[in-house]
Amino acid sequence: MKFIDKKIIKLDKIPTLLDKFVIDFTKILQKHSKYVIVSGYVSILFGRSRATEDIDIIVEKMSKNEFYNFYSDLEKNDYWCVNIKNKDEMLKMLEDGLAVRFAKKRNIIPNVEFKFVKNSLDIDAIKTSLNVIMSTGKIKISNIELQIAYKEKILKSDKDLEDAKHLETVFKDRINNKLLEKYRRCLSEDVVR
Amino acid sequence: MLFDKERNREERLKFVELWAEYVRTHSDREWSRQQKIVVDSQLKNLISPKSQK
């Protein structure tokens with residue numbers, strides 16, 4: 001991988017089925033809203049040797065019309081919502097801070113766990129996102145320091161600690177240690193949640 | 001012999017670090033060729049577990 005600048009990474013990987021799924025979905029999403037991919041898929045994108053059932057995506061809040069247009073675009077492209085049937089209910093769930101899940105029609109997994117921003121940490125994740133360019137398309141992911149700290153301090157399962165270790169090792173020459181420590185401190189103190 | 005959960009966790013973490021170091025020091029094509037085999041097969045197994053038996 002090559003850092004074009006502080007915000008752009010060029011990745012010359014052979015795409016997995018998961019990478020293709022994410023790129024196809026975000027090609028639609030980016031026409032409708034700002035977004036950022038967080039959590040497990042970020043470490044998988046950069047080489048972690050495991051799959052996942054769901055891709056976590058945080059999206060800027062949409063108005064009713066914006067959400068309906070987006071959902072209509074998804075349907076045209078053969079996606080469906082796996083946990084809610086009615087689009088008004090989907091919007092209500094999102095506005096309540098809950099997730100709706102989108103997958104390709106006739107499939108349940110993999111799916112996108114889709115959430116609206118709900119706190120300062122989510123807003124920060126969108127503002128400080130990194131662009132990853134691959135041969136098949138480009139996506140926006142959370143900055144690496146935030147992902148490491150979140151997995152270490154909030155999620156904390158064995159799988160999450162392994163994801164954090166993976167990212168910390170792969171990016172050891174690129175990590176902003178002051179920023180990482182800041183996130184670790186904030187998340188330990190439960191300031192941002 | 002009893003299963004030592006803590007030692008198993010440490011061993012896994014060491015392997016994660018070893019693989020991440022490989023990713024860091026090899027070309028994207030080299031590590032992703034290997035990653036693709038694992039990720040795609042796990043995903044196919046999640047989608048239709050019966051077909052993998």
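Other chains' Cβ within 10 Å of A:52-64 residues: what's the mean?
Numbers: counts 4, 4, 0, 0, 0, 0, 0, 0, 0, 0, 0, 0, 0.
What the average comes to for A:52-64 is 1.
What does the net charge come to around residue A:137 if you take all other residues with beta carbon closer than 14 Å to its beta carbon, with K and R at +1 and D and E at -1?
Numbers: positive: A:10, A:13, A:20, A:27, A:31, A:138, A:140; negative: A:12, A:19, A:24.
My count for the surroundings of residue A:137 gives +4.
Along the Cα→Cβ direction, 7 angstrom out, place labels at residue B:21 and residue A:33. What is the inter-label distance in nm?
Those two pseudo-labels are separated by 4.2 nm.
Looking at the protein assembly as shown only, what percent of DSSP beta bridges run antiparallel? Nearest 5 please. Mind showing how you got there, number by number?
Working: 18 of 28 bridges.
The answer is about 65 percent antiparallel.
Report for segment A:55-193 the percent antiparallel among DSSP-assigned beta bridges with both residues inside it, nearest 5.
70 percent
Divide the volume of the convex hull of the Cα atoms of chain A by its number of residues and quote the answer in cubic angstrom per residue. Walk me through the numbers before you get to the answer.
On the way: hull volume 22.3 nm³, N = 193.
Cα-based convex hull of chain A, divided per residue, equals 116 Å³.
Take the alpha carbon gyration tensor of segment B:1-45, find the square roots of its eigenvalues, order them as a ≥ b ≥ c, and report rounded if a/c is under 1.5; if not, report prolate when a/b exceeds b/c, else oblate. Could the numbers behind the result be given before it?
Numbers: a/c = 4.81, a/b = 1.54, b/c = 3.13.
Oblate is the answer for segment B:1-45, as a/c is 1.5 or above yet b/c matches or exceeds a/b.
Amide H of residue A:54 versus every other amide H placed in the peptide plane: which residues, excluding those fewer than 5 positions away on the same chain, fall under 5 Å?
A:111
Holding the Cα-Cα limit at 23 Å, pick out from A:153/B:5; A:178/B:14; A:92/A:159; A:61/A:127; A:31/A:140 the pairs that are longer than that. Intermediate values should be presented prior to the final figure.
Numbers: A:153/B:5 21 Å; A:178/B:14 25 Å; A:92/A:159 31 Å; A:61/A:127 14 Å; A:31/A:140 13 Å.
With Cα atoms farther than 23 Å apart: A:178/B:14; A:92/A:159.
Quote the total accessible area buried by chains B and A together, excluding ligands, DNA and RNA, probe 1.4 Å, nearest 100 Å². Present the calculation step by step, with values, prior to reporting the outcome.
Numbers: alone 5540 and 10390 Å², together 13230 Å².
Result for this pair: about 2700 Å² buried.
Fully extended, how many nm does the chain gain between residue A:92 and residue A:119 (0.36 nm per residue separation, minus their Cα-Cα distance)? Intermediate results must be reported in sequence, preceding the final value.
Values: separation 27, 0.36 × 27 = 9.72 nm, distance 1.75 nm.
Length gained, residue A:92 through residue A:119: 8.0 nm.
I'd like the orientation of helix A:17-29 relative to chain A: the angle between its Cα long axis and the longest Cα principal axis, in ° from 0 to 90, rounded to 10.
With rounding to tens, the tilt is 60 degrees.
Per residue of segment A:57-65, what does 6.51 cos²θ - 1.76 cosθ + 1.60 with θ = phi - 60° give for ³J(HN,Hα)? Whole Hz please, x for Gly and Pro, Karplus curve as stated.
Computed from phi, the couplings for segment A:57-65 are 10, 9, 10, 4, 4, 10, 6, 4, 4 Hz.
Among B:30-36, A:173-179, how do they line up by average Cβ neighbours within 10 Å per residue, starting with the highest?
Numbers: B:30-36: 18.7, A:173-179: 12.0.
Top of the packing list down: B:30-36, A:173-179.
How much of the accessible area of the protein assembly as shown, in percent, comes from carbon and sulfur atoms when a 1.4 Å probe is used?
Working: 6690 of 13230 Å².
That share works out to 51 percent.
The values are calculated or read from the model by the stated rules, or taken from the named source; none is laboratory data. Just so you know, these numbers come straight off a predicted model, no measurement behind them. Glycine gets a Cβ as well: all are built from the backbone with ideal geometry, and neighbour counts include every protein chain shown. With ligands, DNA and RNA removed, areas are computed over all heavy atoms of the protein, side chains included. Shrake-Rupley method; radii C 1.70, N 1.55, O 1.52, S 1.80 Å.
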